[in-house]
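One structure is given here, and the rest of the page talks about it.
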Amino acid sequence: MIAVIGLCLVKTLTSYLFGAYLKYHWGSMDLEGAPFWYGREGKDEICVSTFNNGGLDKLDLTKNQAKVKLTKKLSSILEYVTSNDKQFKHLKPDEEEYLENLIKDKKISQFVNLNTYYKNQKIDEDEHRVFVRACVKKDKFIEFEKERVKDLKKNVTFYKGKKAFDELDSDDMKLDDNM
């Protein structure tokens, strides 16, 4: 059953990423004085835009804020997918734990750090603002999720195996005590 949950999650995530949710919840926005690309989603990528008042000295800060925002966005995508898909509504406790591990992945910030590219950057001297758009490729994110599912399935299998051996050991000890 856990393997099915993982596959369903990846399938749902894939269809979701290419659906309307990104545009609806994270879609374009207009900020006065912002470049035309600010707040726009890419076709094959997941993007966030951010800005700061200031000049070149604020560029690194703005890039770091974009990475944090992108990490939150990717996490919210996973939460949305699992909370709104009927396949994930009636799970056993161990299956829920498995799903929780998928959602609350500590590796997502590492993924963002390794795969983020800055599609657009603009330092507007007139407005005295710095604009940045940071993106990751959708297909890389889906591959990342597939690998996470594989790792978690392996971990769950080891966990269940260890649990079974622990039960056998405790049963053996009960038998020894009764003799």
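The values are calculated or read from the model by the stated rules, or taken from the named source; none is laboratory data. Because the structure is predicted, anything quoted here is derived from the model rather than measured. Cβ sites come from the backbone with ideal geometry, for glycine too, and all protein chains shown count toward neighbours.
Take the range 110-145 and flag every residue that is in contact with a helix residue (DSSP H, G or I) (Cβ under 9 Å, 6 or more places away or on another chain) and free of Cβ contacts under 8 Å to residues at least 40 places away in the same chain.
Across the range 110-145, the qualifying residues are Phe111, Asn115, Lys140, Phe144.
Restricting attention to the range 65-94, which residues are at pLDDT 70 or above, more than 10 Å from the chain's Cα centre (by Cα) and surrounded by 13 or more Cβ atoms within 10 Å (Cβ to Cβ)?
Gln65, Ala66, Lys67, Val68, Lys69, Tyr80, Asp94
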